[in-house]
Structure formats: structure tokens, C-alpha cells
Amino acid sequence: MKDLFSIDLKQYQIVDWGYTDSTEPKTYNYYQAWITSGYQGSLNYLADERGEKRASLTQFWPSSQSALVFLFDYAKQKFAIENFIKNHPDWNQKKIAGYVFANDGYDYHYLLSEYLNEIGSNIVKTLKTNIPDLEYKLAIDVHPVLDRDLAFRSGLGWFGKNSMHISRHHGSFHLIGSLIFNHKLKLDNSSLETDHCGQCTRCIDACPTLAISDQRTIMANRCISTFTIESFKESDPPAGYDQSSPWIFGCDICQDVCPWNKRIFKKVLPNHLQIAEQSKSLINEFLLIPLADVFKRLSLESNGSYKKKYAKTSFERLGKKGMLKNIQFMLKKMAS
Ligand code: B12
Ligand code: SF4
Ligand code: SF4
């Protein structure tokens, strides 16, 4: 990885970074077309004024002039966990999306914000003499910024047909976090990555709910991730998602089949991988006991104790009700 002001980026699981001084996304027109088609489904926040803010970084923060974009890798954790459960005699055949384990089982929003703040303050300190009023803001997922476009225009990767940001060197199992600055930094803008999907259609063919359009985007209203991560109460599952699916939280199918990820997995040696304690408890509680027992345990738990137990993990936001909805859906079908 190229050097960035001598900061040790590997300690943050960062595998690549890029720079752009373009505050305008290159694909906002596609975003608008997506909203016009209603593909956001129940994700209303994408269609209101928070959607419009995505047209430019300056609408998010008027002082924006440039951005540093980081790829936080979780391919290794995902690989370690899949390897572990598949070889475990008590595995209940269900799965949880890999990003849940990205930061040792803790929700990436908390940890990546911490990491980005450390890197940001370090840069401000380093450049203080030349740019005394340098400031930054974070953009990570929840902010009204097109994260994938930022990564794309920083030269880090391309938009796969499954809409994921894919890096030629690191695949798509990474999260995107950025620092937006109120000045241009003396760094080169990288050239844009070209499309490396070619004639491949594996993700489109593998998606059980036909959620992937032929426009390098997905119809969120049909995506298993929307149903299992974003639907907090009883709601209809997308057609094509049923008890035969292993996915009880999130979905990685369109990434698992991608050749750009398969080649990364081939390079990882399973015996070099450690699973963190928090990840282990999530696996023990959801994947290594029969689903009916998971349901029983969750039903007996109060909302408060669920919140406390899963605080700072990706399960906290969905809440007990949402998680029960996911498990019950699987069980209802199983019983019929
Ligand atoms: C809403 C949302 C969702 C929704 C909708 C997903 C979607 N594809 O839009 C749901 C709940 C389904 C979801 C699921 C997931 N998400 Co999500 N999600 C977001 C969020 C908050 C906004 C995304 C958005 O703006 N969507 C609007 C549509 C229009 O964007 P898009 O599909 O990416 O389309 C763009 C391109 O495809 C391109 N485009 C469209 N058509 C065309 C045509 C051509 C020719 C070209 C060149 C380009 C192009 O332009 C569009 C606009 O930039 C971002 C964070 C953020 N602030 O950006 C995270 C984010 C996209 N999610 C992320 C993750 C990890 C996931 C999951 C993997 C989690 C999981 N395992 O379950 C899945 C992946 C599903 C998938 N295949 O996309 C990561 C993705 C990292 C990466 N490597 O790409 C992000 C960036 C969060 C982060 N900061 O790391 N997510
Ligand atoms: S995450 Fe799953 S349901 Fe959503 S588009 Fe990809 S394969 Fe389809
Ligand atoms: S599976 Fe194929 S078409 Fe889909 S994103 Fe990967 S390379 Fe592109």
C-alpha cells in the first residue's frame, strides 16, 4: 500500500486508500434514476432531502474540497468464520453476513469512526504548519454521501454488476469510510478504475430474489438484506426468499459467487486466522444451536436486555423485535 503521511494504516485493517478533490459524484444521475424507479422501497431516507444532499459533498458540508477514502477489509474474518461454522458439528446451517464480524464482532459504525478520527487528527497535526485551519468531517455509511462513488472517483475500484464497490486487489468484502477536508491536500488524484466484470453474470444468476437489475444496481425492495437488516417489524419477505435460505441476517450471495472475491479467499490460510471473542459469542448464540432454541431464548429476553447484550454489535439496531421476525419467518416456514 502506498504511504500516507507515514501513518500505519494496516493497524486499522485498511488495505487501500485513495484521494479525490472532486466534490461531485460521477453517478448521481444513476442515483436519481434509481429513486424515480422506486427501488429504494421502504428505505425512505434515500428519497427525501437526505437523498438530495448526495448530489455534492458541499451539500453535506459547505466547506468540502477534497476527500481521503479508505477501504476497511473484512475478507479474512469472513473467511475464518465460514470455515469455522462449516466444520462445526452443531452448525444449524444458517449464516450471518460477513460485515457483522468486520471489527471483531463490533458494529463498524463505532469502530471505523474511532479509526477515522485518529487518522484525521493525525493528518491535521501533520499539516498544521502549511494549512493551519485544516478541518475534516467523517463520512461512513449513515452520512448523506454516496460512499461507493467516493471510492470509485478516488480510483479504488469499480461498480460491480451487483452494485458492490470492487477492488482488483481486494475484492468487495470491505467497508468504505472517508475523511472530507475543507482544503485540497497535496496528493495526486488517481485515475478511474475500469470495469472488470466483463461478460460475467454470476451475481445476477445467483440472486434468489432477482434483486439485481441489469443497470449495475439492485432493487433494494427485493433484497434479502433489506428484509433481514432494515425491517424492524413484521413485513413481507421478498419473493424467492424462504426457509431454504441460510441467511438470517444480511446476505452475501452476490459477493460469495464473485470471482474477484473467490481469488482473495484462495490466498487466505485458514490456520492463520483467529476469531475474536465477540464474534464467537454471536456465532454461538445464533449459528451453533437449533433455530427453535434461538427463538425461545430471544422471546424470553426483554427488549432492554437484548439492547444491552448486543450493544455496539450490528444486531443492536434491528432490535429484539426485528431479529425475532427474521427467526420466526424461518421457523414458520420450517413447520409448514
Ligand atoms: C441503502 C444501502 C443499502 C441498501 C440498498 C443497497 C444498494 N445497492 O443500494 C441495502 C439494505 C439493500 C444494502 C445492502 C447491503 N449493503 Co449497504 N448501503 C446502503 C447505503 C446506506 C446507501 C447506498 C445507496 O446510495 N444506494 C443507492 C443506489 C442507487 O446505489 P448503488 O446501488 O450503489 O448504485 C450506484 C452504482 O451502482 C452506480 N450505477 C448505477 N447504475 C450504473 C450504471 C453504470 C453503467 C455505472 C458505471 C454505474 C452505475 O451509481 C449508483 C449511485 O452511486 C450505503 C452507504 C452510503 N452512504 O453510501 C451502504 C453500503 C453500500 N452498503 C454496504 C454493504 C456492506 C452492504 C451489504 C454487503 C450488507 C450485507 N451483507 O447484507 C449489502 C449488499 C447488497 C448489494 N449488493 O448492494 C457497503 C458496501 C461496500 C462495498 N464494497 O461496496 C456500503 C458502502 C456501506 C459502507 N460505507 O461500507 N445496503
Ligand atoms: S444481497 Fe442477496 S438478495 Fe441482495 S442483491 Fe445480493 S444476492 Fe440478491
Ligand atoms: S459476479 Fe461477475 S458480474 Fe457480478 S460483480 Fe462479480 S465479476 Fe461482476
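Throughout, read-outs are computed from the coordinates displayed, never taken from laboratory work. It should be emphasised that the depicted structure is a prediction, and the values quoted were computed from it without experimental measurement. Positions of Cβ are generated from backbone atoms using ideal geometry, with glycine treated the same way; all protein chains shown enter the neighbour counts.
Take Leu210, Leu71 and order them by how many other Cβ atoms sit within 10 Å, fewest up front. Walk me through the intermediate numbers first.
Details: Leu210 13, Leu71 26.
Least to most surrounded, the residues fall as Leu210, Leu71.
By residue number, which cysteines of the chain lack any other Cys whose Cβ falls under 4.7 Å from their Cβ?
So, Cys197, Cys200, Cys207, Cys223, Cys251, Cys258.
Going from the alpha-carbon gyration tensor of the range 1-142, what semi-axes, largest first and in whole Å, does one get by taking the root of 5 times each eigenvalue?
Working: eigenvalues 196, 133, 28 Å².
Taking √(5λ) for each eigenvalue gives 31, 26, 12 Å, largest first.
Would you work out the relative contact order for the range 35-167, in percent, from Cα pairs under 8 angstrom that are 6 or more residues apart?
On the way: 82 pairs, mean separation 28.4, N = 133.
Contact order relative to length: 21 percent.
Relative contact order of the chain, please, whole-number percent, based on alpha carbon pairs below 8 angstrom and at least 6 residues apart.
23
Order the peptides 277-284, 83-90, 11-18 from the highest to the lowest mean number of other Cβ atoms within 10 Å of their residues.
The most tightly packed comes first, giving 11-18, 277-284, 83-90.
Once you keep just the Cα pairs under 8 angstrom separated by 6 or more residues, what percentage relative contact order results for the range 202-335? Write down the numbers at each step before the final one.
Values: 115 pairs, mean separation 39.6, N = 134.
Reported as a whole number, the value is 30 percent.
Name the trypsin sites (Lys or Arg not before Pro) in the range 169-248 that are in a loop by DSSP and that have at most 11 other C-beta atoms within 10 Å, would you?
When the trypsin sites (Lys or Arg not before Pro) of the range 169-248 are filtered for loop state and at most 11 Cβ neighbours within 10 Å, Lys186, Lys233 remain.
Measuring from label point to label point, each 7 Å out along Cα→Cβ, what is the Ala206 to Gln65 span in nm?
Result: 4.4 nm between the two label points.
Span-like helices, the chain: DSSP H, alpha-carbon axial extent 15 Å or more, mean Kyte-Doolittle -1.0 or greater, which ones?
What comes out of the filter, once short or polar helices are dropped, is 75-86, 108-126, 319-335.
Once you list every other residue whose beta carbon is under 11 Å from the beta carbon of Ile289, what net charge do they have if Lys and Arg are +1 and Asp and Glu are -1? Working shown, then result.
Working: positive: Lys94, Lys296, Arg297; negative: Asp90, Glu285, Asp293.
In short, 0.
Given charges of +1 on the Cβ of Lys and Arg and -1 on the Cβ of Asp and Glu, with all other atoms neutral, how large is the dipole of the chain about its Cα centre, in debye to the nearest 20?
The dipole of the chain has a size of about 620 debye.
If we count every other residue with Cβ under 12 angstrom of Thr20's Cβ, Lys/Arg +1 and Asp/Glu -1, where does the sum land? Before the final figure, lay out the partial values.
Numbers: positive: Lys26, Arg153, Lys184; negative: Asp21, Glu24, Asp149, Asp188.
Taking every other residue near Thr20 into account, the sum is -1.
With a/c under 1.5 counting as rounded, go ahead and sort the range 76-205 into rounded, prolate or oblate using the C-alpha gyration tensor (a ≥ b ≥ c being the square roots of the eigenvalues; past the cut-off, prolate if a/b is larger than b/c, else oblate).
Oblate is the answer for the range 76-205, as a/c is 1.5 or above yet b/c matches or exceeds a/b.
In which sequence would Glu82, Glu49 go, from the one with the fewest C-beta neighbours within 10 Å to the one with the most?
Numbers: Glu82 17, Glu49 9.
Starting with the residue having the fewest Cβ neighbours, the order is Glu49, Glu82.
Would you grab the residues whose amide H sits under 5 Å from the one on Asp107? Only those 5+ places off in sequence or on another chain, please, with H modelled 1.01 Å from N.
Long-range HN contacts for Asp107: Thr313, Ser314.
Straight distance only, please: which lysines reach the Cα of Lys332 with their own Cα at less than 17 Å, same-chain residues fewer than 8 apart left out?
List returned: Lys94, Lys233, Lys296, Lys321.
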